[in-house]
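The values are calculated or read from the model by the stated rules, or taken from the named source; none is laboratory data. Since this is a predicted model, take the numbers as computed values, not measurements. We place every Cβ from the backbone using ideal geometry, glycine too, and count neighbours over all the protein chains shown. These area figures cover heavy atoms from the full protein model, side chains too; ligands, DNA and RNA do not enter into them. Shrake-Rupley method; radii C 1.70, N 1.55, O 1.52, S 1.80 Å.
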Amino acid sequence: MKRGKVLHGLYLFVAALWCGEMTFFAAGGAFTVLKLATTRHNAGTINRALLDLIDLSSYAAVLVLLALLALLGQSWPRLNRALSLRLLIVAVAATFASHLIITPEMMSLRNAMGAIIDLVPKTDPLRAEWGRLHGFSSMALLLRILAAAGLFIFGFGPSVTAANLAETPKVEPLPT
């Protein structure tokens with residue numbers, strides 16, 4: 001029983017940490033770098049490195065959460081296990097898309113522009129395509145944030161089951 005509680009706590013911790021890191025980057029980290037960097041081009045270089053770290057940590061989080069889900073096994077309600085597994089698949093698909101397709105293509109377009117992105121007009125077809133891919137990148141990150149939040153929420157499901165409620169001891173009134 002104690003091992004299950006430790007694994008459950010670790011599951012919640014990893015899901016929350018992963019969700020928090022991505023939310024922090026999306027809500028403030030990327031914008032802060034953009035404001036503090038000397039050019040948008042430099043900010044893009046820094047944000048790309050940060051996004052690569054988020055992609056790597058996403059792979060790690062998915063693997064750890066999948067392992068914990070397997071170890072927790074039947075102690076979780078079937079619906080929670082099924083939905084959690086599906087969210088892990090969505091998260092790893094979004095990570096693959098971001099890391100292996102979208103970001104490399106964005107970097108290729110950025111290099112093909114021939115000048116730093118600050119000097120390329122927004123009407124330039126390469127910059128417009130880069131902006132479209134940036135939107136896809138943002139959506140892939142949002143999808144991972146929502147998946148991680150869902151995994152965290154579903155992680156609370158096992159602790160509130162009919163079996164657990166039945167095990168709760170009744171409180172006797174104090175003698176007078």
Residues of the stretch 58-94 that turn out to be within 17 Å of Phe152 (Cβ to Cβ) and of a type in the set (S, T, N, Q), as a count:
3
Among the candidates Gly4, Gly44, which residue alone is in a helix (DSSP H, G or I), under 15 Å from Ser137 (Cα atoms) and touching a residue at least 12 places away in the same chain (Cβ under 8 Å)?
Gly44
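Go over the candidates Leu12, Leu36 one by one and state the one that is at pLDDT below 95, closer than 27 Å to Ile116 by Cβ and of a type in the set (A, V, I, L, M, F, W, C).
Leu36
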Of the residues in the stretch 65-86, those that are open to solvent by less than 40 Å² (accessible area, probe 1.4 Å), among the hydrophobic types (A, V, I, L, M, F, W, C) and assigned to a helix (DSSP H, G or I) come to Leu65, Leu68, Leu69, Leu72, Ala82
Across the stretch 107-125, what is the total count of residues that are without any contact (Cβ under 8 Å) to a residue 40 or more places away in the chain, within 29 Å of the chain's Cα centre (by Cα) and buried (at least 16 other Cβ atoms within 10 Å of the Cβ)?
1
Scan the stretch 138-151 and tell me whether some residue there is at pLDDT 90 or above and among the β-branched types (Val, Ile, Thr).
yes
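If I go through the stretch 1-41 residue by residue, how many of them are among the polar types (S, T, N, Q) and closer than 18 Å to Leu53 by Cβ? Working first, answer last.
Our first condition is that a residue be among the polar types (S, T, N, Q); within the stretch 1-41, this holds for 23, 32, 38-39.
Filter once more, keeping what is closer than 18 Å to Leu53 by Cβ: 23, 32.
The qualifying residues number 2.
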